[in-house]
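Contents: one structure, followed by commentary.
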Amino acid sequence: MNKSSPTPSTPRPRYHKMRELGRNRAGGRITYLAKDNKTQQPVVIKRFLFAQAGSDWSGFKAYQREIQLLQGLDHVGIPRYLDSFETKAGFCMIQEYKKAQSLAIPRSFEPEQVKQIAIATLEILVYLQRRLPVVIHRDIKPENLLVDEQLNVYLVDFGLARVGGSNVAMSSVAAGTFGFMAPEQIYNHKLTEATDLYGLGATLISLLTGTKSIAMDTLINEEGQIHFQHLLPQLSLRFVTWLEKMVQPKARDRYINAAAALEALKPIDLIRTPEVKFSPEILEFTTTHIGEKLTQIVTLDNSIPETVLEGTWEVAPHPSDPSFRKQNKHLWITFEPSKFQGNQVDCRITVDTNRLMANQTYNRRILLQTNAVPETYSFELKVNTNFLALPKPPWISLGLLLGLSGIGTGILSGFVTFFIAKIPILGYWIGTGFIAAFIGGAVLSGLGVRGVPITKIALSILGMMMVFALFVSWFIGTFLVALVGLVGLIIGFTAGAVIKNYRDRGFSPKIALTSSLLMTGFGLSLGVGYNLGFVNFWLLVSTVGSSLALVNILINPYLQRRKQLEYYNQSAKKRRLIKP
């Protein structure tokens, strides 16, 4: 590479040096990017300075072996040998130039891109191993693998390559880079087609873990194994197992050759992402008490094998929520656990309503950040603060109960009075039958199912009373008791429906039962008083007493609500309630 200007007596040099690509001072080797003036194509010049101090002729012999080998190779992944010549200070070899950088230069690759690089390299090794005789590169490492922007891979530097069973000088037996050399290279054991697989596996580990070539020894444990699994938690177990097999210290424990390793790698997904199945997607909370804490459970499932679901809960920012979050905890929405790891997890989502406004609806968005795809899942959280809302009494049911009890007893009271005057004992049986039928109807309608305790013994006694009353009515030859029992059954059934409606609307069992009985008593008093007149003192007391008690039980919830509202308004100023 004559740097002087060409003259009529000095021909123009064929190769024009453009810039330096790399330098190995210890071995006296320098690599340049140059231009071939004949073809106008860029080329690579490898210059060996055997005349400088520290270099020897073993390197020159290695170049000779490399030239002989490259002249017989024809693969798109191996830069072609073009030319060679001697210089005053050494020797130069010309190779095809590939616009690609070595893997030793830090770059970011996605896992699937790393797989593509591995497949391309294995295809080159398959080509070398199918030659006769087989070619073993012996120096596969990040510096000797070039990758361009399209992820095309090129294997370079065949200076240490071994062809078939040719002898290797003792000075080059352990040649290579520590951390990428197979143990059989280090200890001068027999080389096989599995030897280069070790270097490729170590290169992939270096690439995936971000470990530099000079630091690969830090991953090798006392047993001579590369310990890397803890650095690649995101990779699938199948691919980690494949990598482990590639870098086994003993050659017999690796894949037998590049073709076998390639066949095993192709169906493997480098990253197995878990999936997230959950229910429900909308969480709705309704509170009826001040300061109540409500909890719902969201179950997360992952059915993808060889993966472990990991995630973190958080609440999306909302303008009404306080901005200060201690240890990333929301003020009134909490998660247990907030961070999880597992393939079936029950997450408890709790809402503390202590600082929420009354009779409002709060809508928040809670986020689940996971290692799945997609990474973020969104849930709608809705909170209804009805703890000061007053449920409406079942006016229709109450009116129907009043009408049936009043009209029924009004029609029957005259007949009952007439027959009781003739047969006094009928009063006992009629009263017993009515009460039994009333309670039996209430039980049939749901009394005791919605919070009113009724034991089996009491039900049995009431049933026997009904049967006995009906038997007596047949015995005395009149159906009056049976008719009264039927009316009592209907009224009791309606009373039970009123109790059930009360409970369904959120009233306490005490209010539900008391309201139903008082309305029944008031209706009976009105019916009898309308037919016989209110001249009877006890009838008048019954009518007035039941009506006053009924009015009290109906307006009592409103009075309680007013007290709660006063207390809530006073305490709200101190608690700084959160707006919806």
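The values are calculated or read from the model by the stated rules, or taken from the named source; none is laboratory data. Note that the coordinates shown come from a computational prediction; the quantities given were computed from them, not determined experimentally. All Cβ positions, even for glycine, are placed from backbone atoms using ideal geometry, and neighbour counts span all protein chains on display.
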Selection status of residue 119, closer than 26 Å to residue 163 by Cβ, crowded, with 18+ Cβ neighbours inside 10 Å and among the hydrophobic types (A, V, I, L, M, F, W, C): no
Selection count, region 295-313, where residues are surrounded by fewer than 18 Cβ atoms within 10 Å (Cβ to Cβ) and at negative phi: 11
Unique match (being within 30 Å of residue 362 (Cα to Cα) and surrounded by fewer than 17 Cβ atoms within 10 Å (Cβ to Cβ)) among 277, 266, 212, 250: 277
Neighbours by Cβ (under 7 Å, 6+ apart or cross-chain): first from region 266-283, part of a strand (DSSP E or B); second of a type in the set (Val, Ile, Thr): 278/298; 278/299; 279/299; 283/349
Any pair with Cβ under 6 angstrom, 6 or more apart, that starts in region 294-317 at a residue that is closer than 14 Å to residue 339 by Cα and ends at one that is surrounded by fewer than 16 Cβ atoms within 10 Å (Cβ to Cβ) and among the basic types (Lys, Arg): 312/339
Single residue of region 529-552 satisfying the filter (modelled with pLDDT of 70 or more and touching a Leu at 6+ places or on another chain (Cβ under 6 Å)) that is farthest from residue 496 (Cα to Cα): 529
Count of region 86-115 residues which are of a type in the set (Lys, Arg) and over 30 Å from residue 236 (Cα atoms): 3
Strands (runs of 3 or more DSSP E) within region 75-172 that include 2 or more residues on the phi < 0 side of the Ramachandran plot and touching a Gly at 6+ places or on another chain (Cβ under 8 Å): 153-155
Selection count, region 334-365, where residues are within 23 Å of residue 310 (Cβ to Cβ), part of a strand (DSSP E or B) and out of contact with any Ser or Thr (no Cβ under 9 Å at 6 or more places or on another chain): 1
Index of the failed condition, residue 241 passing every other in (1) surrounded by fewer than 17 Cβ atoms within 10 Å (Cβ to Cβ); (2) over 28 Å from the mean Cα position of the chain (by Cα); (3) not aromatic (Phe, Trp, Tyr): (2)
One residue from 220, 214 being in contact with a strand residue (DSSP E or B) (Cβ under 8 Å, 6 or more places away or on another chain) and farther than 19 Å from residue 119 by Cα: 220
Close pairs (7 angstrom Cβ cut-off, 6 or more residues apart or separate chains): charged (D, E, K, R) and at pLDDT below 90 in region 207-232, assigned to a helix (DSSP H, G or I) and loosely packed, with under 14 Cβ neighbours inside 10 Å anywhere: none
